[in-house]
Amino acid sequence: MAIERVGVVGFGAMGSGIAQVCASAGCSVTVREVDQAAIDRGWKGIDSSLARVVKAGRMAEDEAKAARARIGAATTFDAFADRDLVIEAVLEIADVKRKVFEELDRLCPPSTIFASNTSSLPIVDMAVTTKRPQRFAGLHFFNPAPVMPLVEVVQAVTTSDETVATLKAFVQRIGKVPVVSKDVAGFIVNRLLVPYMLDAIRVLEQGIASVEDIDTAVKNGLRHPMGPFELLDYTGLDIAYHVANVFFEEFKEPRMAPPPLLKRMVAAGRLGKKTGRGFYEWDDKGIKK
Ligand code: CAA
């Protein structure tokens with residue numbers, strides 16, 4: 001089955017990035033968000049991202065315009081009934097996701113594949129709330145989605161091999177690199193990344209090195225594009241805190257538990273780039289001060 005019509009639920013950083021990627025590859029995309037203000041924010045993100053892609057010479061201006069025109073956004077699910085695939089990218093709250101899939105399950109034909117972009121919740125829990133657990137998988141994109149090549153295809157115990165094969169082909173079709181992971185907290189990338197980021201915070205807590213020197217060490221000693229603290233600020237400390245709690249719950253290993261400093265920074269509202277302060281200070285344009 002070839003996927004041409006995609007539905008995306010959520011128009012935040014991930015949802016808008018995913019919509020942009022699918023539309024840029026020629027798919028028809030319909031997006032649902034809760035209110036007009038969120039839809040306006042999603043368009044703003046797409047417009048600035050497409051402008052960067054055009055400026056970098058990776059897409060002609062008319063191609064970018066055509067990609068944008070392939071996306072439709074609304075506050076209802078009305079345009080979802082003919083979708084081949086629906087990708088959910090709403091808040092990481094199990095109840096919110098469950099309600100979305102219950103509604104979609106009533107609306108979409110049995111052939112529609114459902115995927116969640118969750119980075120922390122079990123895919124199987126969502127799959128069993130629908131009548132199509134065999135056509136339900138994880139499709140985990142990375143931030144910023146228009147730039148990061150990887151997509152993890154997550155196979156829950158209920159997901160059929162056929163669904164995995166269809167999604168792998170779809171990921172390649174939209175110009176990304178697929179890998180297949182079992183449905184375990186963190187899948188492949190976050191299973192490696194999260195303990196590393198938590199360890200960086202512990203290195204700081206132990207007074208071994210400063211934020212700046214830890215980031216400088218990783219960027220220059222490992223050639224990572226960002227150090228762990230830049231990445232924490234970029235993706236959001238609240239997200240790291242939430243994911244660490246989920247990991248600790250799943251594995252019961254002390255190294256997966258959120259370090260006290262992370263908990264306190266979240267309590268103080270120092271969530272990173274989005275609140276102007278995390279481990280670094282950020283200006284209105286998202287530039288490090
Ligand atoms: N949309 C489109 N293009 C973008 C973009 C966006 N949002 N952000 C950056 N780019 C493009 C730029 O236009 C530029 O393109 P060219 O090289 O063709 O000129 C290129 O990406 C590099 O950008 P910049 O020069 O502005 O800045 P940079 O070199 O510092 O790169 C970065 C920015 C791509 C974000 C890079 O720092 C990076 O790769 N960081 C690591 C990001 C990462 O690890 N993400 C994974 C997070 S974990 C996750 O997402 C999983 C989870 O579950 C939480």
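Any read-out appearing in this document is the output of simple, stated calculations on the displayed coordinates, not a laboratory observation. The shown structure was predicted, so the numbers you read here are calculated from the model rather than taken from an experiment. Note: ideal-geometry Cβ built from the backbone for every residue, glycine included; neighbour counts use all protein chains shown.
Things to note:
- Rounded to 10°, Cα long-axis angle of helix 237-251 versus longest principal axis of the chain: 80 degrees
- Helix axis angle, 189-205 relative to the chain longest principal axis, alpha carbon, degrees: 20 degrees
- Alpha carbon Rg of the chain, scaled by the compact-globule rule 2.2 N^0.38 Å: 1.01
- Unit charges on C-beta of K, R, D, E only; dipole of the stretch 1-158, Debye: 180 debye
- When each of Lys99/Lys288; Lys168/Lys252; Lys176/Lys273; Lys44/Lys97; Lys97/Lys273 is checked by Cα-Cα distance, pairs over 29 Å: Lys99/Lys288; Lys168/Lys252
- Put a dot 7 Å past the Cα of Ala38, heading toward its Cβ, do the same for Leu150, and the two dots end up 2.8 nm apart.
- Furthest towards positive pole of dipole, Ile3, Ala64, Phe279, structure part the chain, Cβ charges: Ala64
- Net dipole in debye of the stretch 190-275 [+1 Lys, Arg Cβ; -1 Asp, Glu Cβ; about Cα centre; nearest 20]: 100 debye
- Structure remark: mean-square fluctuation, Gaussian network model of the chain, C-alpha springs under 10 Å; the largest value among Met256, Met14, Met148 belongs to Met148.
- The chain: angle of helix 94-107 to the longest principal axis, Cα-based, in degrees nearest 10: 10 degrees
- Kirkwood radius, the stretch 190-275, all distinct C-alpha pairs, inverse of mean reciprocal distance: 13.0 Å.
- Relative contact order %, the chain, counting alpha carbon pairs below 8 Å whose residues are six or more apart: 13 percent
- Positive dipole terminus of the chain, leading residue within Pro149, Ser111, Gly269 (C-beta point charges): Pro149
- Each Lys and Arg adds +1 at its Cβ and each Asp and Glu adds -1 at its Cβ; summed about the Cα centre, the chain shows a dipole of about 340 debye.
- GNM remark for the chain: springs join alpha carbons under 10 Å apart, and the peak mean-square fluctuation among Val157, Val31, Val243 falls on Val157.
- Among the cysteines of the chain, Cys108 have no other cysteine beta carbon within less than 4.7 Å of their own.
- If the segment from Arg58 to Val184 were pulled out straight at 0.36 nm per residue, it would be longer than the present Cα-Cα gap by 41.8 nm.
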